[in-house]
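Quick notes on the structure that follows.
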Amino acid sequence: MDSSFVNPHLQPGTKVAISGLKGAKIKSMNGVEGIINKYSAKKDRYVVELPNGPMKVKRINLTVMTTTTTTTTKQPQVFSNEDEMMERLKGMGMPSEMLTSLTLEQKQAMMLMTQKPEVIERAKNTPGVMANSGELKEEAGGLYAWKDAKDHVYLEVKNATPSTICVIGENKLQVMTGEAEMMLEGELFQEVDCTKSGYEIRGEKLLVTLVKKKPMRWLMVLR
């Protein structure tokens, strides 16, 4: 438990709803549900993880949610348990080593984050595509190999570690070490749907699936 949490009444992980805010710029937050992260004694506020990010709130403006409590805004419960959430996040491309190192508070925040519709849609549509090594074409001196398909492009990048980072943009790809040293960077041959594209790390390989916006043949991965 976070050592900064000193108020015993609301524990980390408690589900609450914002209430009683009167300011013109913040009263729209009334009814929004979130999860207690920790208590800030310096500010005398609870740090609440909300769908749009963390917010520091007074105790008087928090209503503890129970099975009989209703609010004006409902957030859908997507995962029935933490294991289901972790498996889905792994399928989205997050390395298993990174997931297992998460603290309780981080997992709780991620559980709330994954209730966002756009995140769930990405998880549902991330393809798990594999290719035989004989079908792949090597590039960049053997640093990576790739294969073109009708609706996606599949890459295998060598020398990956559990801390390797992959950033997939609409028209750009970046692969970095955990120390932010660039391994691979460039402009993609065509635009991709970065909400459906994904990656995962298996052994010493980074496996990347780029979902095409247009089903056209790729002559190369990076221009």
Q: Beyond 24 Å between alpha-carbons counts as too far, so tell me which of Lys172/Lys205; Lys27/Lys196; Lys158/Lys214; Lys147/Lys205 fall in that bin.
A: Lys27/Lys196; Lys158/Lys214
Q. Applying 1/(1 + (r/R0)^6) with R0 = 22 Å to the Cβ-Cβ distance of Asn171 and Thr195, what FRET efficiency is obtained, to the nearest 0.05?
A. 0.95
Q. Can you work out the FRET efficiency for the pair Ser101 and Ala24, with r the C-beta to C-beta distance and R0 = 35 Å, to the nearest 0.05?
A. 0.25
(Q) Taking 0.36 nm per residue of sequence separation and subtracting the Cα-Cα distance, how much length would be gained by fully extending the chain between Arg223 and Asp83, in nm to one decimal? (A) 46.4 nm
(Q) Could you give the length gained by full extension between Lys56 and Met216, i.e. 0.36 nm per residue of separation minus their alpha carbon distance, to one decimal place? (A) 52.8 nm
Q: With label points built 7 Å along Cα→Cβ from the Cα atoms of Glu187 and Lys42, find their separation and express it in nm.
A: 4.5
**Q.** Amide H contacts of Gly31 (H built 1.01 Å from N, under 5 Å, at least 5 apart or other chain)
**A.** Ile18, Ser19
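No lab work stands behind these numbers, since they all come straight from the coordinates. What you see is a predicted model; the values in this text were computed from it and never measured. Cβ: placed from backbone, ideal geometry, glycine included. Neighbour counts: every protein chain shown.
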